[in-house]
Each structure stands twice: as structure tokens, then as C-alpha cells.
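A.B. asks: What follows is a structure written as C-alpha cells; I'll ask about it next.
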Amino acid sequence: MEQLLDRIKQHFTESIQTKINTADSIIQIIAEAGEEMVQALLEGNKILSCGNGGSACDALHFSSEMLNRFKQERPGLPAIALTADVATLTSIANDYHYSDVFAKQVRAIGQAGDILLAISTSGRSLNILNAIKAAHDKNMIVIALTGNDGGKVIDYLGERDIEIRVPATETARIQETHLLIIHCMCDIIDFRLFGQGDELT
């Protein structure tokens, strides 16, 4: 049992340390990304999110916080997780290729002024890279959550895009920090659009 307790404590310590190591380098970038989202929403646009595996869950988490609420009572905000529709995902993967599962959705429902929140711990997922290209074709801004060295995502981003990179190599630590970043962006959106409000307990 003592060995298990030590392992659990190590996970907590590593997660906390990753967030501490990351904070100073990305706080300004998170604020800029949050402001881009706020501006898009003010202009009547929406936010599309995508990712694979744990990052797919992060994409869903973000859209649920937008559509429902984060901390305070407010109107729902327009966001779509491209990972949510199993029928669409499997039909595209079956009829075309898994690398197209997000790009085809972006081309179908993305509009100029929308934002694509592209989440990839490695920055090398082909379906994420293709989604970024599709977003650019639709004149959308891309906000990319990455890790480690940014992978190939950095080669696909344009001048208007924003990369928020977690300087860590372990996938679990990157994903944990991505979730914190998502919560920060949700908070920025709520604060800028609706003020402090009454926080839920």
C-alpha cells in the first residue's frame, strides 16, 4: 500500500509542478486566446473544437461549458465539439479516411470569423492538421493547444492563429494542463461577456 501511496503522491506532485512550470510562459497567450474567443462570440460567430482520445474529451468539455454554463448563470454560447457525433465521425472515417473526420465537418459548418479550438498533445495528429487547413480555407482563426515541441501543428498555423503550448513531454501532464487552460478561457469568456456574476458552489 505504501508503494501505491507514493505513486499517487508522485502524480500529484508532477501535475502541480507542470502547471507551475507552464504558468509564466503561457498566461499572456491564454489571455489573448480568450479575447479572440470573446470577440468572435460578440460578432455572432461560434467555436468549433476537436481532438483525439483524451483531447476529444477536452473538446467536449469545452463545448459543454459554453453551451450550458461554466460558473455562473448565463445564456448558452455557440460551440460545437466535432468529436461528439459518432455517426458522422464513423461515416467519414469509413467512406473517406480518419484523417478527414474533422476537416469535412469544418468545411460543412465552419464560417468566416468562427474559431477552431484544435487540441493535440503531440501536435502530429493528421486529422488535426487537416482540420487546421480546412479552417484556414474558411477564413477561421485557429487556437491550438499543444505540448512538448508543438509537433507539426506549428508549421500549419498562420499569423492570426494562437498556439498555447505546454512545455512537458508526458501526455497525462499535458492533458491535465490543457484542461486548466480550457477552464481559464471559459472564465475569460464569462468575465468579459457577463461580468463576475454569482458563482456556483
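The values are calculated or read from the model by the stated rules, or taken from the named source; none is laboratory data. Because the structure is a prediction, the values reported are computed rather than measured. Here the Cβ positions follow ideal geometry from the backbone for every residue, glycine too, while neighbour counts run over all protein chains shown. Heavy atoms of the whole protein, side chains included, go into the accessibility calculation; ligands, DNA and RNA do not. Shrake-Rupley method; radii C 1.70, N 1.55, O 1.52, S 1.80 Å.
A.B. asks: Those residues that are in contact with a Phe, Trp or Tyr (Cβ under 8 Å, 6 or more places away or on another chain) and of a type in the set (A, V, I, L, M, F, W, C), I need them from segment 71-91; list them, please.
C.D. replies: A79, A81, L82
A.B. asks: On to the next question. How many residues, within segment 75-84, are touching a residue at least 24 places away in the same chain (Cβ under 8 Å), open to solvent by 30 Å² or more (accessible area, probe 1.4 Å) and out of contact with any Ser or Thr (no Cβ under 9 Å at 6 or more places or on another chain)?
C.D. replies: Selection size over segment 75-84: 1.
A.B. asks: Okay, moving on. Are there any pairs, at least 6 apart or on different chains, whose C-beta atoms fall under 9 Å, with the first in segment 169-197 and open to solvent by less than 60 Å² (accessible area, probe 1.4 Å) and the second among the basic types (K, R) and part of a loop (DSSP other than H, G, I, E, B), and if so, which?
C.D. replies: From residues that are open to solvent by less than 60 Å² (accessible area, probe 1.4 Å), the pairs are C186/K71; D190/R69; D190/K71; D190/R74; L193/R74; G197/K71; G197/R74.
A.B. asks: Across segment 85-130, which residue is nearest to L42 (Cα to Cα) among those that are of a type in the set (V, I, T) and either without any contact (Cβ under 8 Å) to a residue 12 or more places away in the chain or open to solvent by 10 Å² or more (accessible area, probe 1.4 Å) (or both)?
C.D. replies: Applying the filter and picking the extreme gives I109.
A.B. asks: Here's something else I'd like to know. Considering each residue of segment 134-157, count those that are assigned to a loop (DSSP other than H, G, I, E, B), within 17 Å of A40 (Cα to Cα) and open to solvent by 20 Å² or more (accessible area, probe 1.4 Å), and give that number.
C.D. replies: If we filter segment 134-157 for residues that are assigned to a loop (DSSP other than H, G, I, E, B), which is where we start, we get 138-140, 148-152, 157.
Checking the rest, the ones that are also within 17 Å of A40 (Cα to Cα) come to 138-140.
Adding the requirement that they be open to solvent by 20 Å² or more (accessible area, probe 1.4 Å) leaves 138-139.
Final tally of qualifying residues: 2.
A.B. asks: Let me ask something additional. Suppose we filter segment 158-168 for residues that are open to solvent by less than 70 Å² (accessible area, probe 1.4 Å) and either touching a residue at least 40 places away in the same chain (Cβ under 8 Å) or within 20 Å of A79 (Cβ to Cβ) (or both); how many remain? First the steps, then the outcome.
C.D. replies: Within segment 158-168, the first condition is being open to solvent by less than 70 Å² (accessible area, probe 1.4 Å), and the residues that meet it are 158, 161-164, 166, 168.
Filter once more, keeping what is either touching a residue at least 40 places away in the same chain (Cβ under 8 Å) or within 20 Å of A79 (Cβ to Cβ) (or both): 161-164, 166, 168.
Count: 6.
A.B. asks: Right, here's the next one. Of everything in segment 5-15, what is open to solvent by less than 100 Å² (accessible area, probe 1.4 Å) and among the hydrophobic types (A, V, I, L, M, F, W, C)? Give them in sequence order.
C.D. replies: The answer is L5, I8.
A.B. asks: Report yes if some residue within segment 72-85 is within 25 Å of L129 (Cβ to Cβ) and of a type in the set (S, T, Y); otherwise report no.
C.D. replies: Yes.
A.B. asks: Right, another one. Filter segment 158-175 down to residues that are among the acidic types (D, E) and part of a helix (DSSP H, G or I), then give me how many there are.
C.D. replies: 0
A.B. asks: Sticking with this structure for a sec: Only one of Q105, Q111 is more than 11 Å from the chain's Cα centre (by Cα) and outside any loop (DSSP other than H, G, I, E, B). Can you tell me which?
C.D. replies: Within the list Q105, Q111, the selection yields Q105.
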